[in-house]
1. Could you tell me which chymotrypsin sites (Phe, Trp or Tyr not before Pro) in segment 127-194 are loop residues by DSSP with no more than 16 other beta carbons within 10 angstrom of their beta carbon?
2. Please report, as a whole percent, how much of the solvent-accessible surface of segment 339-442 comes from carbon and sulfur atoms (probe radius 1.4 Å).
3. Would you calculate, for the chain, the mean residue ellipticity at 222 nm contributed by helices, counting each DSSP H stretch of 4 or more residues as -39,500 (n - 2.57) and dividing by all residues, to the nearest 500?
4. Quick check on my link table: of K135/K291; K82/K104; K82/K122; K23/K82, which ones sit more than 30 Å apart, alpha carbon to alpha carbon?
5. Name the trypsin sites (Lys or Arg not before Pro) in segment 300-343 that are in a loop by DSSP and that have at most 14 other C-beta atoms within 10 Å, would you?
6. Sort segment 220-324 into rounded, prolate or oblate with this rule: let a ≥ b ≥ c be the square roots of the eigenvalues of the Cα gyration tensor; rounded if a/c is under 1.5, and if a/c is not under 1.5, prolate when a/b is larger than b/c, oblate otherwise.
7. Applying 1/(1 + (r/R0)^6) with R0 = 30 Å to the Cβ-Cβ distance of D418 and Q373, what FRET efficiency is obtained, to the nearest 0.05?
8. Can you name the helices of the chain, as whole DSSP H runs, whose Cα span along the helix axis is 15 Å or more and whose Kyte-Doolittle mean is not below 0.0?
Amino acid sequence: MEPTETALSPDPALFDTVVNLCKRRGFVFPSAEIYGGIRSTYDYGPLGALMLRNVREAWWRSMVQERDDVVPIDAAVLTNPKVWEASGHLAAFTDPLVDCRNCKERWRADQIGDECPNCGSKDLTEARPFNLMFKTFVGPVSDSAAAAYLRPETAQGMFVNFLNVLQTTRKRPPFGIAQTGRAFRNEITPGNFVFRTREFEMMEMEYFVPPADSPRWHEYWCNERLDWYRRYGIAESMLRLRPHEADELSHYSSGTSDVEFLFPWGWGELEGIANRTDFDLRAHSEHSGVKLEYFDQATNEHYMPHVIEPAAGTTRAMMAFLLAAYDEDVVAGEQRTVLRLHPRIAPYQVAVLPLSKKDTLTPMAKEILHSLQRRYVCEYDETQAIGRRYRRQDEIGTPLCVTVDFDSLEDHAVTLRDRDSTQQVRVPVAELAGLIAARLDE
Ligand code: GAP
């Protein structure tokens, strides 16, 4: 699979624009800002929390709900440290660290040339491996016997539960186990907003297959995952699939392809689709003494399945969706900012806007709001001129606005406004739910 060529180029100014919008409109805040924050750690505000949940649910829908060969689990963040010994993370989950002897900054050796990006000095130490796992202690004793680690990936929770899932479901290879959740990595140089943070959310699926079928399934999952980003609104030209060079591969992988997105600074990884072979099941079998195998009744043989793993970042995907959706256009001679988010990804699907704050409109507007809230996440906004309220909704990506005016009380009709075309149509309240479903449901 060759990377797709593109005529597009990165857009550095877009980065600041979108980061500012995220802060101004309540998508993402620097964490604990009143205390000066903590480097590269973020809190997701009202809109960010909604959007993150939508990204996760869109993944869940296509990876779990719409399939009959994938089951979910929700494993612990803190687990037995032997898991990380067996998985190779204690020994090999490292990045090469260098110190600048002049300004004392620390860098990832593979991300800089031969001089310090901060002061320009070439007086750098030799690179040495730095383990990215966060260590902590379980219980009231801080000695090595009580050491534990925050998970750096959700994947291991699925490998160690392989037999539990086999025994409690009717699944047999090819089948997958999926989960979403927080992961923690003590990144040497976090940055680029939520692109690389020390705490982030992942969406991972381990797909167990007969060993001989693994190349075919690897290709299948590469295509599926690329399609998912397209389905939720990222243009083809901003996506590509890039196979890893041999020297880039993780310690567990025999082959990985990344889905990459054209970030404002250039191409960057959104998701890795790895062929993990039987690396993890074999390692956990050896370390635990429990054979993690499947018994194939057809051939009367035990075998260790190979694993294809699509592993995506929820927080990183959210950033890509925001960057891809950002647009500015001119409507009726006035410049507007619009997030052209897919309706399933947008924080709110519908905004209900009574034309005036007057009590006479409130009961009808609230009744419409409450009936729509059963199916959609809705915003209710009754202050400011209606034009400004439309602009506010455009800027946060709300696909539809429903305006209740004084005529509505007489004709039982409302105005339905479309974010992308800005077209407004008058529709009977009785037909509203059907029209909204036609526009919003896939
Ligand atoms: N289990 C495989 C695995 O962990 P990975 O490529 O290291 O693979 C998967 O991580 C995805 O998680 C990445 O493609 C990226 O989207 C996201 N990710 C990884 N490290 C991250 C970080 N420090 N901050 C935000 N997202 C990160």
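The values are calculated or read from the model by the stated rules, or taken from the named source; none is laboratory data. None of these values were measured; they are calculated from a predicted model. We place every Cβ from the backbone using ideal geometry, glycine too, and count neighbours over all the protein chains shown. Only protein heavy atoms, including side chains, enter the accessible area calculation; ligands, DNA and RNA are left aside. Shrake-Rupley method; radii C 1.70, N 1.55, O 1.52, S 1.80 Å.
1. Numbers: sites: F130, F134, F137, Y149, F159, F162, F175, F184, F193; in loops: F134.
Sites meeting the loop and neighbour criteria: F134.
2. Working: 2450 of 4840 Å².
Here carbon and sulfur together make up 51 percent of the probe-accessible area.
3. Values: 13 runs with 133 residues, N = 442.
Helix-only estimate at 222 nm: -9000 deg cm²/dmol.
4. Table pairs above 30 Å Cα-Cα are K82/K104; K82/K122; K23/K82.
5. On the way: sites: R316, R336, R340; in loops: R340.
Listed in order of number, the matching sites amount to none.
6. Details: a/c = 2.85, a/b = 2.22, b/c = 1.28.
Judged from the Cα gyration tensor, segment 220-324 comes out prolate (a/c at least 1.5, a/b above b/c).
7. 0.90
8. Working: long enough: 12-25 (21 Å, 0.06); 46-60 (21 Å, 0.09); 214-231 (25 Å, -2.03); 314-325 (16 Å, 1.29); 362-373 (16 Å, -0.12); 386-396 (16 Å, -1.93); 429-440 (17 Å, 1.58).
Span-like helices in the chain: 12-25, 46-60, 314-325, 429-440.
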